[in-house]
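The values are calculated or read from the model by the stated rules, or taken from the named source; none is laboratory data. Keep in mind that what you see is a predicted model, and the values were worked out from it rather than measured. So basically every Cβ, Gly included, is an ideal-geometry build from the backbone, and we count neighbours across all protein chains shown.
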Amino acid sequence: MGDIADEQGRYEPLGGRVYWIHGNNDNFDAIASGDLPDDLIHIDNGSFVEICHQGEPVIQVAGLGGTFAPTWYETSAADLPHPRKGSAKATELADKRRHFVREEVDRLTPLRDMIDILLTHEAPKPFRPFPGGRGPDAGKAQINEILAAMKPRLHLFGHHHRFSEQGREGVRSVGLDLVTKSYLLIDPVTLEYELRGAR
(Lines give C-alpha, C1' and ligand atoms only; values in the text may rest on other atoms or scores of the structure.)
Protein backbone atom coordinates (compact mmCIF):
# COMPACT_ATOMS: atom_id res chain seq x y z
CA MET A 1 0.00 0.00 0.00
CA GLY A 2 2.86 2.32 -0.72
CA ASP A 3 6.04 3.41 0.99
CA ILE A 4 8.02 0.49 -0.44
CA ALA A 5 11.16 2.31 -1.60
CA ASP A 6 14.28 1.93 0.54
CA GLU A 7 15.93 4.86 2.34
CA GLN A 8 17.69 5.88 -0.90
CA GLY A 9 14.45 5.77 -2.88
CA ARG A 10 15.31 2.54 -4.70
CA TYR A 11 12.92 -0.28 -5.49
CA GLU A 12 14.01 -3.90 -5.46
CA PRO A 13 12.39 -6.85 -7.22
CA LEU A 14 10.12 -8.75 -4.83
CA GLY A 15 10.23 -12.14 -6.56
CA GLY A 16 6.65 -12.10 -7.78
CA ARG A 17 4.20 -9.72 -9.41
CA VAL A 18 3.03 -7.02 -6.98
CA TYR A 19 0.35 -4.45 -7.83
CA TRP A 20 0.71 -1.39 -5.62
CA ILE A 21 -0.15 2.24 -5.07
CA HIS A 22 2.27 4.84 -3.79
CA GLY A 23 2.24 6.11 -0.25
CA ASN A 24 3.62 9.41 0.93
CA ASN A 25 7.22 8.17 1.26
CA ASP A 26 8.02 6.88 -2.21
CA ASN A 27 10.36 7.88 -5.04
CA PHE A 28 7.98 9.82 -7.28
CA ASP A 29 10.57 10.41 -10.01
CA ALA A 30 11.14 6.64 -10.33
CA ILE A 31 7.37 6.06 -10.42
CA ALA A 32 6.82 8.79 -13.06
CA SER A 33 9.63 7.48 -15.28
CA GLY A 34 8.64 3.83 -14.84
CA ASP A 35 12.11 3.07 -13.44
CA LEU A 36 10.81 0.13 -11.43
CA PRO A 37 11.55 -3.60 -11.35
CA ASP A 38 9.45 -5.60 -13.82
CA ASP A 39 7.51 -7.31 -11.01
CA LEU A 40 6.30 -4.02 -9.47
CA ILE A 41 3.17 -2.78 -11.23
CA HIS A 42 2.20 0.69 -10.01
CA ILE A 43 -1.51 1.57 -10.16
CA ASP A 44 -1.76 5.27 -10.98
CA ASN A 45 -4.13 7.44 -8.97
CA GLY A 46 -7.67 7.40 -10.29
CA SER A 47 -7.08 4.34 -12.46
CA PHE A 48 -7.69 0.62 -12.33
CA VAL A 49 -6.09 -2.57 -13.62
CA GLU A 50 -7.53 -5.92 -14.53
CA ILE A 51 -5.55 -8.73 -12.96
CA CYS A 52 -5.60 -11.95 -14.95
CA HIS A 53 -4.70 -15.52 -14.09
CA GLN A 54 -3.81 -17.88 -16.95
CA GLY A 55 -5.13 -15.30 -19.40
CA GLU A 56 -8.53 -14.97 -17.76
CA PRO A 57 -9.62 -11.80 -15.92
CA VAL A 58 -9.85 -12.43 -12.20
CA ILE A 59 -10.29 -9.11 -10.41
CA GLN A 60 -10.41 -5.36 -11.07
CA VAL A 61 -8.26 -3.27 -8.71
CA ALA A 62 -8.44 0.53 -8.48
CA GLY A 63 -6.06 2.82 -6.63
CA LEU A 64 -5.67 6.15 -4.91
CA GLY A 65 -2.21 6.57 -3.41
CA GLY A 66 -0.78 9.32 -1.26
CA THR A 67 -2.20 11.47 1.48
CA PHE A 68 -4.82 14.21 1.68
CA ALA A 69 -3.57 17.81 1.90
CA PRO A 70 -6.34 20.44 1.92
CA THR A 71 -4.04 23.11 0.50
CA TRP A 72 -3.24 21.00 -2.59
CA TYR A 73 -6.54 19.14 -3.13
CA GLU A 74 -7.93 21.49 -5.81
CA THR A 75 -4.64 21.54 -7.77
CA SER A 76 -4.33 19.61 -11.02
CA ALA A 77 -2.19 16.50 -10.59
CA ALA A 78 0.02 17.74 -13.44
CA ASP A 79 0.67 20.98 -11.52
CA LEU A 80 1.76 19.45 -8.22
CA PRO A 81 5.30 20.77 -7.58
CA HIS A 82 8.24 18.46 -7.06
CA PRO A 83 11.29 20.57 -6.16
CA ARG A 84 14.78 19.11 -5.79
CA LYS A 85 16.33 19.44 -2.33
CA GLY A 86 19.72 18.68 -0.81
CA SER A 87 18.95 15.10 0.15
CA ALA A 88 16.72 12.28 -1.08
CA LYS A 89 14.60 12.49 2.09
CA ALA A 90 14.17 16.30 1.87
CA THR A 91 13.24 16.00 -1.83
CA GLU A 92 10.67 13.32 -1.01
CA LEU A 93 9.09 15.45 1.73
CA ALA A 94 8.89 18.52 -0.53
CA ASP A 95 7.36 16.56 -3.42
CA LYS A 96 3.65 17.36 -3.55
CA ARG A 97 3.02 14.33 -5.77
CA ARG A 98 2.78 12.56 -2.40
CA HIS A 99 -0.80 13.92 -2.17
CA PHE A 100 -3.94 12.95 -4.10
CA VAL A 101 -6.15 15.61 -5.69
CA ARG A 102 -9.83 16.02 -6.52
CA GLU A 103 -9.49 15.12 -10.22
CA GLU A 104 -8.13 11.69 -9.20
CA VAL A 105 -11.00 11.13 -6.78
CA ASP A 106 -13.45 12.21 -9.50
CA ARG A 107 -12.05 9.58 -11.89
CA LEU A 108 -12.87 6.83 -9.38
CA THR A 109 -16.39 7.74 -8.28
CA PRO A 110 -18.14 6.73 -11.58
CA LEU A 111 -16.80 3.14 -11.36
CA ARG A 112 -19.79 1.82 -9.42
CA ASP A 113 -20.03 -1.98 -9.28
CA MET A 114 -16.99 -2.34 -11.57
CA ILE A 115 -14.19 -2.65 -9.00
CA ASP A 116 -13.45 -5.65 -6.83
CA ILE A 117 -10.70 -4.15 -4.66
CA LEU A 118 -10.01 -0.49 -3.96
CA LEU A 119 -6.54 0.32 -2.64
CA THR A 120 -6.06 3.66 -0.89
CA HIS A 121 -3.23 4.90 1.23
CA GLU A 122 -5.51 6.96 3.48
CA ALA A 123 -8.26 5.55 5.71
CA PRO A 124 -11.97 6.40 5.57
CA LYS A 125 -13.70 8.24 8.41
CA PRO A 126 -13.89 7.49 11.23
CA PHE A 127 -10.48 5.98 11.86
CA ARG A 128 -8.74 6.36 15.19
CA PRO A 129 -5.12 5.26 14.76
CA PHE A 130 -4.31 4.24 18.32
CA PRO A 131 -5.02 0.81 19.86
CA GLY A 132 -8.48 0.51 21.32
CA GLY A 133 -9.90 3.05 18.86
CA ARG A 134 -8.38 6.00 20.67
CA GLY A 135 -6.98 9.23 19.28
CA PRO A 136 -8.29 11.85 16.86
CA ASP A 137 -10.18 10.77 13.75
CA ALA A 138 -7.46 10.37 11.10
CA GLY A 139 -9.84 9.22 8.36
CA LYS A 140 -10.50 11.27 5.23
CA ALA A 141 -14.00 12.07 3.91
CA GLN A 142 -12.77 11.73 0.30
CA ILE A 143 -12.21 8.00 0.87
CA ASN A 144 -15.79 7.66 2.19
CA GLU A 145 -17.00 9.52 -0.91
CA ILE A 146 -15.25 7.01 -3.19
CA LEU A 147 -16.51 4.01 -1.20
CA ALA A 148 -20.12 5.29 -1.25
CA ALA A 149 -20.02 5.98 -5.00
CA MET A 150 -17.96 3.00 -6.17
CA LYS A 151 -19.11 0.20 -3.83
CA PRO A 152 -16.03 -2.03 -4.29
CA ARG A 153 -16.26 -5.54 -2.86
CA LEU A 154 -13.24 -4.89 -0.59
CA HIS A 155 -11.28 -1.80 0.47
CA LEU A 156 -7.67 -1.94 1.72
CA PHE A 157 -5.65 0.96 3.13
CA GLY A 158 -2.22 1.23 4.69
CA HIS A 159 -1.04 4.69 5.81
CA HIS A 160 -1.39 4.07 9.55
CA HIS A 161 0.37 0.68 9.54
CA ARG A 162 -2.13 -0.92 11.92
CA PHE A 163 -4.37 -3.88 11.16
CA SER A 164 -8.06 -3.03 11.57
CA GLU A 165 -11.37 -4.26 10.23
CA GLN A 166 -14.44 -2.09 9.80
CA GLY A 167 -17.38 -1.43 7.54
CA ARG A 168 -17.58 1.96 5.86
CA GLU A 169 -20.32 3.06 3.44
CA GLY A 170 -21.49 -0.56 3.25
CA VAL A 171 -18.01 -1.80 2.20
CA ARG A 172 -15.57 -4.04 4.10
CA SER A 173 -12.61 -1.79 4.86
CA VAL A 174 -9.35 -3.26 6.16
CA GLY A 175 -6.36 -1.35 7.46
CA LEU A 176 -3.08 -3.13 6.76
CA ASP A 177 -0.15 -3.45 9.14
CA LEU A 178 3.49 -3.32 8.11
CA VAL A 179 4.11 -6.39 5.97
CA THR A 180 6.89 -7.37 8.38
CA LYS A 181 4.19 -7.79 11.05
CA SER A 182 1.22 -9.22 9.17
CA TYR A 183 -0.32 -9.61 5.74
CA LEU A 184 -3.52 -10.90 4.13
CA LEU A 185 -4.04 -13.88 1.86
CA ILE A 186 -7.06 -13.01 -0.28
CA ASP A 187 -9.15 -15.49 -2.26
CA PRO A 188 -9.47 -13.89 -5.74
CA VAL A 189 -12.99 -15.25 -6.26
CA THR A 190 -14.71 -14.67 -2.92
CA LEU A 191 -12.36 -11.89 -1.69
CA GLU A 192 -12.43 -13.52 1.73
CA TYR A 193 -9.10 -13.04 3.46
CA GLU A 194 -6.93 -14.68 6.05
CA LEU A 195 -4.66 -12.66 8.32
CA ARG A 196 -1.17 -14.15 8.51
CA GLY A 197 1.76 -13.36 10.77
CA ALA A 198 -0.14 -11.24 13.32
CA ARG A 199 1.37 -11.16 16.78
Problem - Test for Arg17: is it surrounded by fewer than 20 Cβ atoms within 10 Å (Cβ to Cβ), of a type in the set (Lys, Arg) and free of Cβ contacts under 8 Å to residues at least 24 places away in the same chain - result: no
Practice task
Would you please name the residue that is farthest from Ile59 (Cα to Cα), looking only at residues in the range 174-199 that are assigned to a loop (DSSP other than H, G, I, E, B) and in contact with a Lys or Arg (Cβ under 8 Å, 6 or more places away or on another chain)?
Solution key: Arg199
Practice task
Would you mention how many residues in the range 100-157 are touching a Pro at 6+ places or on another chain (Cβ under 7 Å) and closer than 16 Å to Arg172 by Cβ?
Solution key: 8
Practice task
Would you check which residues across the range 142-161 are surrounded by fewer than 18 Cβ atoms within 10 Å (Cβ to Cβ) and in a loop (DSSP other than H, G, I, E, B) and list them?
Solution key: Lys151, Arg153, His161
Fill in the blank from the handout: Counting only residues that are β-branched (Val, Ile, Thr) and over 22 Å from Lys85 (Cβ atoms), the range 1-43 contains a total of 4
Completion exercise
Given the conditions (1) among the aliphatic types (A, V, I, L, M); (2) surrounded by 19 or more Cβ atoms within 10 Å (Cβ to Cβ); (3) out of contact with any Ser or Thr (no Cβ under 9 Å at 6 or more places or on another chain), every one holds for Leu108 apart from (3)
Completion exercise
Checked the range 70-100 for anything over 13 Å from His121 (Cα atoms), of a type in the set (A, V, I, L, M, F, W, C) and modelled with pLDDT of 85 or more; matches are Trp72, Ala77, Ala78, Leu80
Exercise for the section: Pick out the one residue from Asp137, Asp106, Asp113 that is closer than 14 Å to Gly63 by Cα and out of contact with any Asp or Glu (no Cβ under 9 Å at 6 or more places or on another chain). Expected result: Asp106
Practice task
Answer yes or no as to whether Glu92 is acidic (Asp, Glu), surrounded by 13 or more Cβ atoms within 10 Å (Cβ to Cβ) and over 16 Å from the mean Cα position of the chain (by Cα).
Solution key: yes
Problem - Some residue of the range 175-186 being in contact with a helix residue (DSSP H, G or I) (Cβ under 9 Å, 6 or more places away or on another chain) and at negative phi - result: no
Practice task
For residues that are more than 15 Å from the chain's Cα centre (by Cα) and within 22 Å of Leu111 (Cα to Cα), tally how many sit in the range 28-87.
Solution key: 11
Practice task
Residue by residue through the range 54-83, note down the ones that are within 20 Å of Asp116 (Cα to Cα), surrounded by fewer than 18 Cβ atoms within 10 Å (Cβ to Cβ) and not hydrophobic (A, V, I, L, M, F, W, C).
Solution key: Gln54, Gly55, Glu56, Pro57, Gln60
Problem - Verdict on Arg168 being modelled with pLDDT of 90 or more, more than 16 Å from the chain's Cα centre (by Cα) and surrounded by fewer than 20 Cβ atoms within 10 Å (Cβ to Cβ) - result: yes
